[in-house]
1. Are any residues in segment 137-159 open to solvent by less than 60 Å² (accessible area, probe 1.4 Å) and farther than 16 Å from residue 188 by Cα, and if so, which ones?
2. Residue check, residue 40 against (1) modelled with pLDDT of 95 or more; (2) open to solvent by less than 80 Å² (accessible area, probe 1.4 Å), all met but one. Which one?
3. Of everything in segment 208-227, what is in a loop (DSSP other than H, G, I, E, B) and within 9 Å of the ligand (Cβ to nearest atom)? Give them in sequence order.
4. Name the single residue that is modelled with the lowest pLDDT among those in segment 46-60 being more than 24 Å from residue 222 (Cβ to Cβ) and surrounded by fewer than 19 Cβ atoms within 10 Å (Cβ to Cβ).
5. Taking the criterion of being of a type outside the set (Phe, Trp, Tyr) and without any contact (Cβ under 8 Å) to a residue 12 or more places away in the chain, would at least one residue in segment 224-234 satisfy it?
6. Residue 214 is checked against (1) farther than 30 Å from residue 7 by Cα; (2) touching a Pro at 6+ places or on another chain (Cβ under 9 Å) and fails just one. What number does that condition carry?
7. Could you list all residues from segment 137-149 that are within 16 Å of the ligand (Cβ to nearest atom) and on the phi < 0 side of the Ramachandran plot?
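The values are calculated or read from the model by the stated rules, or taken from the named source; none is laboratory data. Model, not experiment: these values are computed from the prediction. Note: ideal-geometry Cβ built from the backbone for every residue, glycine included; neighbour counts use all protein chains shown. These area figures cover heavy atoms from the full protein model, side chains too; ligands, DNA and RNA do not enter into them. Shrake-Rupley method; radii C 1.70, N 1.55, O 1.52, S 1.80 Å.
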Amino acid sequence: MSDILHNINTVQHKIRDAAIGCDRKPEDIRLVAVSKRFPHSDIIRGIEAGQKLFGENYIQEAAEKYDSLIQDGATPQLHFIGHLQSNKAKTATEIFSMVETVDRLKLARQLNKHLANLNKTLNILIQVNIGRDQNKSGVLPEDTEALLSAIKEENLEQLIVCGLMTIAPFTADPEDARPFFRDLKTLSLKLSGKELFANDDKIELSMGMSNDFHVAIQEGATLVRVGTAIFGQRPELNE
Ligand SMILES: *Cc1c(COP(=O)(O)O)cnc(C)c1O
């Protein structure tokens with residue numbers, strides 16, 4: 001059994017245990033296997049292990065891997081989870097089934113424009129800088145409603161706004177991340193019922209990574225983004 005297969009099974013078990021432990025349905029939580037900086041052969045291993053959904057952070061890298069995967073006959077579902085520059089929006093619309101990191105109107109407009117040309121729709125999440133971290137992307141919590149309203153008022157009809165995403169500040173103790181996850185859930189509840197999301201009864205919350213996804217599930221995550229616990233330590237960037 002390959003390590004990746006073993007690791008995916010382990011993570012899926014932990015997701016199930018965390019969900020059942022807080023009276024949630026395991027099938028309401030989807031695992032995004034974060035494959036950034038790992039070769040497309042590792043994604044193939046993941047697919048062979050039954051994993052369908054992968055997360056990538058860099059457009060160029062993702063586009064190259066996507067081409068290799070398609071050539072191999074694989075049809076992975078990819079979520080974009082990195083910082084998206086507006087000039088890369090076109091490529092993003094071509095390869096991702098969801099962009100989790102929309103944090104400004106200009107980017108939403110760019111995505112919508114390219115999608116309209118392709119006659120396609122795209123699932124998106126709004127990235128919220130819940131920890132108010134100056135080094136992180138994301139709209140501030142208090143500005144989130146205005147961004148959602150602007151997307152709605154401008155009729156960016158190719159965008160399906162599914163929910164919110166956040167990257168909690170890194171903490172050694174996963175319990176320290178809990179208040180940030182709770183804040184994102186609270187924000188989603190505050191924004192529900194205003195018809196700002198495609199489905200107010202099912203607002204997606206992408207939060208939790210290798211170290212703390214069990215805590216995120218307890219606080220309401222519907223998407224958890226797990227890299228290291230599946231693929232191992234990431235290769236360093238050679239810069
Ligand atoms: C890299 C990354 C992850 C995965 O982190 P791990 O700690 O390796 O699980 C999740 N979310 C985002 C946005 C990332 O950039």
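1. Listed by number, the residues that qualify are 137, 150, 151, 156, 158, 159.
2. (1)
3. First pass over segment 208-227, keeping only residues in a loop (DSSP other than H, G, I, E, B): 208-212, 219-222, 227.
Listed by number, the residues that qualify are 208, 209, 210, 211, 212, 227.
4. First, the residues of segment 46-60 that are more than 24 Å from residue 222 (Cβ to Cβ): 48, 58-60.
Next, only the ones that are surrounded by fewer than 19 Cβ atoms within 10 Å (Cβ to Cβ) stay: 48, 58, 60.
Numbers: 48: 94, 58: 97, 60: 97.
Looking at residues that are more than 24 Å from residue 222 (Cβ to Cβ) and surrounded by fewer than 19 Cβ atoms within 10 Å (Cβ to Cβ), I get 48.
5. Narrowing segment 224-234 to residues of a type outside the set (Phe, Trp, Tyr): 224-230, 232-234.
Of the ones still in play, those that are also without any contact (Cβ under 8 Å) to a residue 12 or more places away in the chain are 233.
Looking through segment 224-234, at least one residue is of a type outside the set (Phe, Trp, Tyr) and without any contact (Cβ under 8 Å) to a residue 12 or more places away in the chain.
6. (1)
7. As a first pass, look at segment 137-149 and keep what is within 16 Å of the ligand (Cβ to nearest atom): 137-139.
Result: 137, 139.
Yes/no matrix, rows are residues, columns are (1) more than 26 Å from residue 61 (Cα to Cα); (2) more than 11 Å from the ligand (Cβ to nearest atom):
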position: 151; (1), (2): yes, yes
position: 157; (1), (2): yes, yes
position: 164; (1), (2): no, yes
position: 183; (1), (2): yes, yes
position: 188; (1), (2): yes, yes
position: 191; (1), (2): yes, yes
position: 203; (1), (2): yes, yes
position: 229; (1), (2): no, no
position: 234; (1), (2): no, no
